[in-house]
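Chemist: This is the structure, below, for whatever I ask next.
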C-alpha cells in the first residue's frame, strides 16, 4: 500500500502543488496544504472509487483543504506573489506573461466565481477540462465554456488597460 501511494505522490504531487500555489500564492502554505491533502488522501484511499482521475481526486482534496484553511484563519484575501511562472501559448497569455505577477493576479482575481477558479485550474493547475468539470461536479463542456468566458473577460480587461 505504501509503495503504491509513493508512486501516486511521485506522479501527482507537483501538479497538485502548482494548483494549490495558484490558489494561495504562498509557497510555504502550498507545501503545507499539499502535505495535508496527501495525508488525507492516503488515509482515505479506500474511498477512492475511480469515477474520476487520481489527479482530479487529489486536486479536489487539496482545494477543500485550502478552503478549510481559509475558514479557519478567516483570511478571505489571497496573497499576490511576484514570482509566478506563466505560459505564453496565445495572444492573451503572451500579454499576461509580459505583465508583472501582481498585475496578472489582480486581473484574474477580479473575475467572478466560477470563472476565476476555472481559469486558475486550467492555466496554472494545467488540468484538463474534464478534470475541472469533475472538481465542480459539472460537465467538461461547462468547464470549457467558463474558461472561454474567463479568457474573454481577461482579454477585455487587458484591452481596457491598454496591455494588448
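A short reminder: the numbers here are calculations on the coordinates, not readings from a lab. The structure presented is a predicted model; accordingly, all values stated were derived computationally and were not measured. Positions of Cβ are generated from backbone atoms using ideal geometry, with glycine treated the same way; all protein chains shown enter the neighbour counts.
Chemist: Using r as the Cβ-Cβ distance of residue 144 and residue 42, and R0 as 25 Å, what FRET efficiency do you calculate, to the nearest 0.05? Display every interim value, and only then the final one.
Modeler: Working: r = 32 Å, r/R0 = 1.29.
According to the calculation, E is roughly 0.20.
Chemist: For the pair residue 4 and residue 32, what calculated FRET efficiency results from E = 1/(1 + (r/R0)^6), where r is the Cβ-Cβ distance and R0 = 25 Å, to the nearest 0.05?
Modeler: About 0.55, to the nearest 0.05.
Chemist: Rounded if a/c is under 1.5, else prolate if a/b is larger than b/c, else oblate: which is the range 2-73, with a ≥ b ≥ c the root eigenvalues of its Cα gyration tensor?
Modeler: prolate
Chemist: Which of the peptides 39-47, 121-129, 9-17 is most tightly packed, and how do the rest follow, going by the mean number of other Cβ atoms within 10 Å of each residue?
Modeler: Result, highest mean Cβ count within 10 Å first: 121-129, 9-17, 39-47.
Chemist: Right, something else. Please compute the modelled spin-label separation between residue 152 and residue 53, points set 7 Å along Cα→Cβ, answer in nm with one decimal.
Modeler: Distance between the two pseudo-spin positions: 2.6 nm.
Chemist: Between residue 67 and residue 160, what is the FRET efficiency for a Förster distance of 25 Å, r being their Cβ-Cβ separation, to the nearest 0.05?
Modeler: Working: r = 31 Å, r/R0 = 1.23.
For R0 = 25 Å, the calculated efficiency reads 0.25.
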